[in-house]
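Participant: So that we are looking at the same thing, I have put the structure below in structure tokens.
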Amino acid sequence: MPELPEVETVRAGLAAKLTGGRLETVELLRKDLRVPFPKDFAKRLAGRRLESVGRRGKYLLWTFDDRTVLIAHLGMSGRMVLRQGAPARPARQKPTAAAPPPAEKHEHVVFHFADGTSVAFSDPRRFGLMTLTTTAEAATHPLLAEMGPEPLGPSFTGEYLRAAFKGRRAPLKSVLIDQRLVAGLGNIYVCEALFHARLSPWREAGSLRGKQAQALAGAVKEVLAAAIAAGGSSLRDYVQASGELGYFQDNWSVYGREGKPCPACKLTARCRIARVTQGGRSTFYCERQQR
């Protein structure tokens, strides 16, 4: 599943091209994704000017000039890719005989902007979703209301982590991927951050001390910032809004590196990255470095 760096990379790519543009039409190629589209979904968005493209956790938020907000989640395999073509014709103009290009496989929604730009959303596994709310109701929307702070924001600190983890006996790994405590983190970047903070994924969250909590908060921010700068991590389906792959997977320290030498251990011949299962997910770490 795309995590915060991937969604932020898509957000930035879309914002640079679409902000201020008028959405001419919305082409729905199926009736639903993970959940049905809202009633009059395409009609409510057609003709509106896109004021901003934001993000909350792993959700994209498109805000329009009538204060409508499109909430979109990429799910496990979703992509939003920009395309450039001829400007959309005015609604009163009769269609020409030329047929629109055929939709690609697994393409479910296409947003057509007046300047000829389009955004195609494809999702082979259909775990993504799109719904509508308003700027006044977005913060209390059920998908967003219970999310924790943004890990790249000023409120995400060692002090916050100590308070949030107080009394929790669950492992650090399990707590960090809880979206109610930290928004946007997932399996890849939690593994990487715990390695850089030298903390075991099995450690009880409530046992964190002040300096350790500060180190963890700092490691999360550094890993996320580096991943965003690299365009995210491309595994199976993720691409940037431009269609390009991300390349942060080339910089992983532990994730996906089971059996390979630990980059922090000097005894590389004897120390290897381990993989275990926690909560149904693979966890990668160095038993020697992480305590």
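Values quoted throughout were computed directly from the atomic coordinates according to the rules given, and no laboratory measurement underlies them. Owing to the predicted nature of the structure, the values given are computational and were not obtained by experimental measurement. Every residue, glycine as well, gets a Cβ built from its backbone with ideal geometry; the counts of neighbours run over all protein chains shown.
Participant: How far apart, in nanometres, would the label points at E244 and R281 be if each is projected 7 angstrom from Cα along the Cα-to-Cβ direction?
Facilitator: My value for the distance between the label points is 2.8 nm.
Participant: Compute from the Cα atoms of segment 4-140 the Rg and the Dmax, the latter being the longest Cα-Cα distance, and quote both in angstrom.
Facilitator: Taking only Cα atoms of segment 4-140, I get Rg and Dmax of 14.3, 46 Å.
Participant: Note the angle between two axes, namely the Cα long axis of helix 210-229 and the longest principal axis of the Cα atoms of the chain, as a number of degrees from 0 to 90, rounded to the nearest 10.
Facilitator: 40 degrees
Participant: Using only the Cα atoms of segment 104-146, build the gyration tensor, take square roots of its eigenvalues as a ≥ b ≥ c, and label the shape rounded, prolate or oblate: rounded if a/c is under 1.5, else prolate if a/b is larger than b/c, else oblate.
Facilitator: Details: a/c = 4.85, a/b = 1.50, b/c = 3.24.
Oblate.
Participant: Decide, for segment 100-201, between rounded, prolate and oblate: order the square roots of the alpha carbon gyration tensor eigenvalues as a ≥ b ≥ c, take rounded if a/c falls under 1.5, and otherwise choose prolate if a/b is larger than b/c, else oblate.
Facilitator: Numbers: a/c = 2.82, a/b = 1.95, b/c = 1.45.
Prolate is the answer for segment 100-201, as a/c is 1.5 or above and a/b outweighs b/c.
Participant: Relative to the longest principal Cα axis of the chain, at what angle does helix 4-18 sit, 0 to 90 degrees, rounded to 10?
Facilitator: Once rounded, one gets 30 degrees.
Participant: Here's another thing I want to ask about it. If you average the C-alpha positions of segment 237-288 and of segment 209-225 separately, how far apart do those two centres end up, in angstrom?
Facilitator: Result: 18 Å between the Cα centres.
Participant: Considering only lysines 8 or more places apart in sequence, or on different chains, count the pairs in segment 4-140 whose C-alpha atoms sit under 26 Å apart.
Facilitator: 13
Participant: Same structure again: Using a ≥ b ≥ c from the Cα gyration tensor of segment 158-285 (square roots of the eigenvalues), is it rounded, prolate or oblate, where a/c under 1.5 gives rounded and otherwise the larger of a/b and b/c decides, a/b for prolate?
Facilitator: Values: a/c = 1.75, a/b = 1.24, b/c = 1.41.
Oblate.
Participant: With springs connecting C-alpha atoms under 10 Å apart, model the chain as a Gaussian network and identify which of G279, G167, G243 has the largest mean-square fluctuation.
Facilitator: Looking only at G279, G167, G243, the biggest GNM fluctuation is shown by G279.
Participant: Name the residue, out of P201, P261, P154, whose mean-square fluctuation peaks in a Gaussian network model built on the chain with Cα pairs under 10 Å.
Facilitator: Among P201, P261, P154, the largest mean-square fluctuation in the Gaussian network model of the chain belongs to P154.
Participant: A further question follows. Where Rh is the Kirkwood radius over the Cα pairs of the chain, the temperature 20 °C and the viscosity 1.002 mPa s, what D in µm²/s does Stokes-Einstein return?
Facilitator: Approximately 105 µm²/s, per Stokes-Einstein.
Participant: Given the pairs K173/K221; K166/K211; K211/K260, which span a C-alpha to C-alpha distance of over 18 angstrom in this model?
Facilitator: Pairs exceeding the cut-off: K211/K260.
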